[in-house]
Amino acid sequence: MGTGSKCRVQRSKSLYRARRYFALCTLNFVLVVTTLVPISACAQDAPRDAETALRTGRYAEAISMARDALSRNPGDVQVRRTLVQALAETGKYADAEAAAREGNSQQLANLLGEVLYAEGKIGEAEAAFRRGAESGSPHRLMAEANLAELLLERGQRDEAFTRFDRFIDIYNGGAALGAQDLTAVGTAVQHLGVRDHKLFQDALKAYDQAIAADPAYLEPKLRVGELFLDKYDSGEAQKSFQEVLAINPSHPRALLGMARAKEFDGATGEAFELVRRALQVNPNFVPALVTLARLDLGYEDTRTAEQQVQKALAVNPASLDALAVLGAIRFVTGDEAAYRQARDRVLRLAPFHAEFYTTVAEIAANYRRYAQAATLAQEGVKLDPQSWTGYGVLGLNQLRLGQVEAAQASLNRSFEGDPYNAWIKNTLDLLDTYPEYQVRKTPRFELVLHGDEADLLYPYFAQIAEESYDSLANRFGYRPATPVRLEVYPRHADFSVRTVGLAGLGALGVSFGNVLAMDSPRAREPGQLNWGSTLWHELAHAVTLGVSNNRVPRWLTEGISVREERRARPGWGSEMVPSFLAAYYEDELPPVSRLNEGFIRPKSPGHLGLAYHMASMVVEWIEETRGFDSVIRMLKAYGEGQSTEQVLRTGLRMEPAAIDKAFDAWVRERYPPALAGQLRGQMEGARASLQRGDTAQAKRQLARAAEMMPSWGEPGESALAILAALHLRSGDNRAAAAALTRLTAVDENAYAENL
């Protein structure tokens, strides 16, 4: 597309390629293979054992042995370092600070600064880092790097980058550099990468050389993993964290890094468990508490998320990450005054901290506030024009709003500054394919169809799109802004990238409000996609988002969309299946009052599908017993910022516990608990009859099963499918056609049966 596409052909896919093939041309150094802190051959066994215990995660032993050794020799700086590190890694920051101060040594200044920083004592931390950087201590380069990071974070950019620049001279100066020095160099060069992305590669090389210098020194492994996470490469990140955990299975930072990588891969259950393991070791580990809060927000649980953030701020009142998440909680819950307080508190501490806006924008987008997310991201890049992540978040949300040209400009800006973000690269590659698409218009839609299939699809999509708009607008009293943009992708990977930046998404469609995207029929195997019901479903989301000011929770918007599919056409939308009844009666699905957990915290992918069906049943139950006006009242109540508990009272005028009980009674009356067993009995009996050659008896048993539940069974294995096959075999085409007609009326994906 224009002059940019030629360059984009050469986009880097990941930092890992650079790690393997980049040749250092700006940095040269003399490598000294040494441990971080050599242990004298004549050192006593106890100090050596304490350091080994620390390195392998036996923290209680390390603390006990170090204290015992210091009782005999209070001046042993190395043992005191071991004690301070063990106390700090387990969150005993006050004790760690006291132990470091008691040592009164310049060699402990940097470590003291790190402890003070973890407690939010920023001024004291800066003073300690300065003492460490100006000393002749073996740890002076790490103190210098820590000081520069602190200055950068707090807005003193010129001094920070001057200090970072010095590391290149140190690197090229030919001095002997140990593992800790090389780690400090990597840290400095990584920050310089914001101004020259090629230096991210040098940072990775420096970390790798630090690991080679001392494989037992864990810090560079941790920083490599965190760097790969920043560049959206969870696979390489996990390798680094696993190397740390192989040495120290209890290392809080490594456990947290693995949690973040698992979250990136969609394994949120594992992510929660890993964060909790990190907090068992260090209950005051602020980054873990903040990550746990963000995971809770991913589940739309603002109450629990705030509890985690407040714990973090109790430990470190100056934590910018914790304050950003607190601001996001205030933003999505509609407390504008409290949001501004959090924002102003951050900007007083760090005047150029664009990451605050980026964090709030990302969380706002997860809550479907795409226009607000774009505005927030715009504020961030205005504050810091080198916030490449901010430009990426801005571009992605502009794209969600259908602002394609603006999105491409923002994403290009992000990519030019940092070409290692996989989401941005993939999205730009997708945008490069847009010239292959045609925009066909209807009175209220822009249909973005691939040129290879536009002529074929347009008449069908145009008809369903306009029909669904009229039907839903009349029913809900809300008309989405026109033109509604509908993008139809013939390659599922492209649709997946459009939605989450990576291939592998299992969904069929997505709604960003009046911008919709979905698979084309060609993107799926026959029988996997009913494009008409998918279009109807996604437009229903646009309506419920609009009525609720984009505040409807997932359980209700999905329940309404599936319910509206069923109303639109016979057979559309999910139908009752025995697996749902089994899960429901075995209490594997949450009650109505906590149904959102079924979407954001499902036990398995299969349970997620069952949650969709249950949500649609809840909407059907509300409409049947309380009237459709109750559904509208609930949407509007969410739009006013009410919680689910308040909305249930407002919309249904019942207490949540009473709602759960009433819905359960409705399900049990309509689908008695014994039904699944009776169905199974009929199907097993039919199979046994067929094995005996008693076709007539099998037909009767299948017919009874079909009366109980026409959609029973997997594709091709339902009672009606088998019954139709038996009728065909016996030459009764009329009976076969009747069975197939009944089946296609309840199964929207019955492709073979329709043929």
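Closer than 26 Å to Thr90 by Cα, assigned to a helix (DSSP H, G or I) and not basic (Lys, Arg) - does that describe any residue in the range 325-348? Within the range 325-348, one or more residues are closer than 26 Å to Thr90 by Cα, assigned to a helix (DSSP H, G or I) and not basic (Lys, Arg). Only one entry in Arg633, Arg649, Arg668, Arg687 is open to solvent by 60 Å² or more (accessible area, probe 1.4 Å), part of a helix (DSSP H, G or I) and either in contact with a Ser or Thr (Cβ under 9 Å, 6 or more places away or on another chain) or touching a residue at least 60 places away in the same chain (Cβ under 8 Å) (or both), namely Arg633. Within the range 681-715, can you find the residues that are at pLDDT below 90 and touching a helix residue (DSSP H, G or I) at 6+ places or on another chain (Cβ under 7 Å)? Matches in the range 681-715: Met708, Met709, Pro710, Trp712, Gly713. Of the set (1) in contact with a helix residue (DSSP H, G or I) (Cβ under 8 Å, 6 or more places away or on another chain); (2) open to solvent by less than 60 Å² (accessible area, probe 1.4 Å); (3) free of Cβ contacts under 8 Å to residues at least 60 places away in the same chain; (4) assigned to a helix (DSSP H, G or I), all apply to Leu447 but (4). Go through (1) in contact with an Asp or Glu (Cβ under 9 Å, 6 or more places away or on another chain); (2) under 25 Å from Gly546 (Cα atoms) and name the single condition Tyr437 misses. Here Tyr437 meets the rest and fails (2). Taking (1) among the hydrophobic types (A, V, I, L, M, F, W, C); (2) more than 26 Å from Gly606 (Cβ to Cβ); (3) open to solvent by less than 10 Å² (accessible area, probe 1.4 Å) in turn, Leu556 satisfies each apart from (2). Here's a check for you: in the range 176-198, which residue that is open to solvent by less than 20 Å² (accessible area, probe 1.4 Å) and either of a type in the set (Gly, Ala, Ser) or at pLDDT below 95 (or both) is nearest to the chain's Cα centre (by Cα)? Step by step, filter the range 176-198, then rank; the result is Gly193. Pairs linking a residue in the range 310-339 that is under 20 Å from Ala364 (Cβ atoms) to a residue that is assigned to a helix (DSSP H, G or I) and among the basic types (Lys, Arg), with Cβ atoms under 7 Å and 6 or more positions apart or on different chains, are Leu323/Arg345; Val325/Arg294; Gly327/Arg343; Ala338/Arg330; Tyr339/Arg330.
Yes/no matrix, rows are residues, columns are (1) in contact (Cβ under 8 Å) with a residue 60 or more places away in the chain; (2) buried (at least 21 other Cβ atoms within 10 Å of the Cβ):
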{"residue": "Ala212", "(1), (2)": "yes, no"}
{"residue": "Tyr232", "(1), (2)": "yes, no"}
{"residue": "Ser240", "(1), (2)": "no, yes"}
{"residue": "Pro252", "(1), (2)": "yes, yes"}
{"residue": "Gly257", "(1), (2)": "no, yes"}
{"residue": "Arg260", "(1), (2)": "no, yes"}
{"residue": "Asp265", "(1), (2)": "no, no"}
{"residue": "Gln280", "(1), (2)": "no, no"}
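Considering the range 274-327 alone, what residues qualify as being of a type in the set (Ser, Thr, Tyr) and under 20 Å from Ser250 (Cβ atoms)? Can you show your working first?
First, the residues of the range 274-327 that are of a type in the set (Ser, Thr, Tyr): 291, 299, 302, 304, 319.
Result: Thr291, single match.
Tell me yes or no: at least one residue of the range 464-481 is surrounded by 21 or more Cβ atoms within 10 Å (Cβ to Cβ), among the aliphatic types (A, V, I, L, M), assigned to a helix (DSSP H, G or I) and touching an Asp or Glu at 6+ places or on another chain (Cβ under 8 Å). Within the range 464-481, one or more residues are surrounded by 21 or more Cβ atoms within 10 Å (Cβ to Cβ), among the aliphatic types (A, V, I, L, M), assigned to a helix (DSSP H, G or I) and touching an Asp or Glu at 6+ places or on another chain (Cβ under 8 Å). Is it the case that Ser533 is touching an Asp or Glu at 6+ places or on another chain (Cβ under 9 Å), among the polar types (S, T, N, Q) and either touching a residue at least 12 places away in the same chain (Cβ under 8 Å) or surrounded by fewer than 22 Cβ atoms within 10 Å (Cβ to Cβ) (or both)? When the stated conditions are applied, Ser533 passes them.
Is there a residue being assigned to a loop (DSSP other than H, G, I, E, B), polar (S, T, N, Q) and open to solvent by 20 Å² or more (accessible area, probe 1.4 Å) anywhere in the range 56-67? Full working, then the answer.
Initial filter on the range 56-67 (assigned to a loop (DSSP other than H, G, I, E, B)): 56-58.
Filter once more, keeping what is polar (S, T, N, Q): 56.
Going one step further and asking which of them are open to solvent by 20 Å² or more (accessible area, probe 1.4 Å), we end up with 56.
Yes - at least one qualifying residue is present in the range 56-67.
For the range 585-592, the condition of being open to solvent by 10 Å² or more (accessible area, probe 1.4 Å), in contact (Cβ under 8 Å) with a residue 60 or more places away in the chain and not acidic (Asp, Glu) holds for at least one residue.
The values are calculated or read from the model by the stated rules, or taken from the named source; none is laboratory data. What you see is a predicted model, and the numbers here were worked out from it, not measured in a lab. Here Cβ is always computed from backbone atoms with ideal geometry, including for glycine, and neighbour counts include all displayed protein chains. These area figures cover heavy atoms from the full protein model, side chains too; ligands, DNA and RNA do not enter into them. Shrake-Rupley method; radii C 1.70, N 1.55, O 1.52, S 1.80 Å.
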